[in-house]
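Data block below; observations after.
Please treat every number below as a calculation from the coordinates, not as lab data. This is a predicted model, so every value here is computed, not measured. Because the Cβ atoms are built from the backbone with ideal geometry, glycine has one as well, and the counts that use them run over all protein chains shown.
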Amino acid sequence: MSLAPAAPLPTAAKPSLTIRHPGLGDMREALRLGIADWRACHTEVPMLALLAPVAAIMLAAVVTAPSLMPFVFPICAGFALLGPMATIWFAALSRVREEGGHATAEEAAKIFDTHRRITIQNLGLTAIGLYLLWVAVAAYIYFNTLGANGPAHGLDFFASVVTTRAGWEMTCTGCAAGAVFAVVMLGIGLVSFPLALDRDVSTGQALATAFIAMARNPAVVFIWGTLVASLLFLGSLPALLGLALVMPILGHSTWHMYRRLVG
């Protein structure tokens, strides 16, 4: 499906930006190109090196401190909020590969030696802040629903989640709150981080452009967000290690999807 005519973006960004209107065909193409970049760059290796100790630490924490069980899911689910920050390196590689046909770490790293890194750092701090806020909100929901009756451990916790009113209340409220955080982070991750790599924009301009792009392409952004959430969930199941494959592919694909959203 071809791109619809671009609409001017009324922001103060220099150079001027336009918001395009991609379709399902563009999403398929972005994924295809992202997988091609992953195969060319072998970016699953550094992700596996990062995720393996994180998974081991979390497993050890749950075994030695069963009271942490209620926080495992929100902590793991919240990793999606850090995804754009964690995968910006993959987007940088895709950017270099798009420009020159061959991506090297040296070429990709050059962008982080420019003043654009200030916007990238600010966006990273925003992502970290959202993650910490999500964990705090999830803890508040737990302590005011299921946790109000005292701590539950192991299988007792899972049984309480699905068999008690408090458990269902915690689940429904937590999912609703998580959806709000996910929508906010989707806009930041899909447009703001790649835009900061691609153009000389301020943090405010990057965030404003992201939410304008979301407002003008709600269906496409919803489908893309659903795809991202589904892949992250599947990647998290094998003790987070599946993310070593999922996150590089999504990181590379996000660059190509951004290129179809913003011109």
Pseudo-spin-label distance Phe222 to Ala179, built 7 Å along Cα→Cβ, given in nm, is 1.0 nm
Separation between the Arg117 and Leu82 pseudo-spin-labels, each 7 Å from Cα along Cα→Cβ, expressed in nm?
2.1 nm
Classify the stretch 168-263 as rounded, prolate or oblate from the Cα gyration tensor: take a ≥ b ≥ c as the square roots of its eigenvalues, call it rounded if a/c is under 1.5, otherwise prolate when a/b beats b/c and oblate if not.
oblate
What translational diffusion coefficient, to the nearest whole µm²/s, does the stretch 69-116 have by Stokes-Einstein, given a Kirkwood radius computed over alpha-carbon pairs, a temperature of 4 °C and 1.567 mPa s viscosity?
104 µm²/s
Could I have the simple spin-label model distance between Ala136 and Ala148, label points 7 Å from Cα toward Cβ, reported in nm to one decimal?
2.2 nm
Output the relative contact order of the stretch 88-223, whole-number percent, from Cα pairs under 8 angstrom with separation of 6+ residues.
26 percent
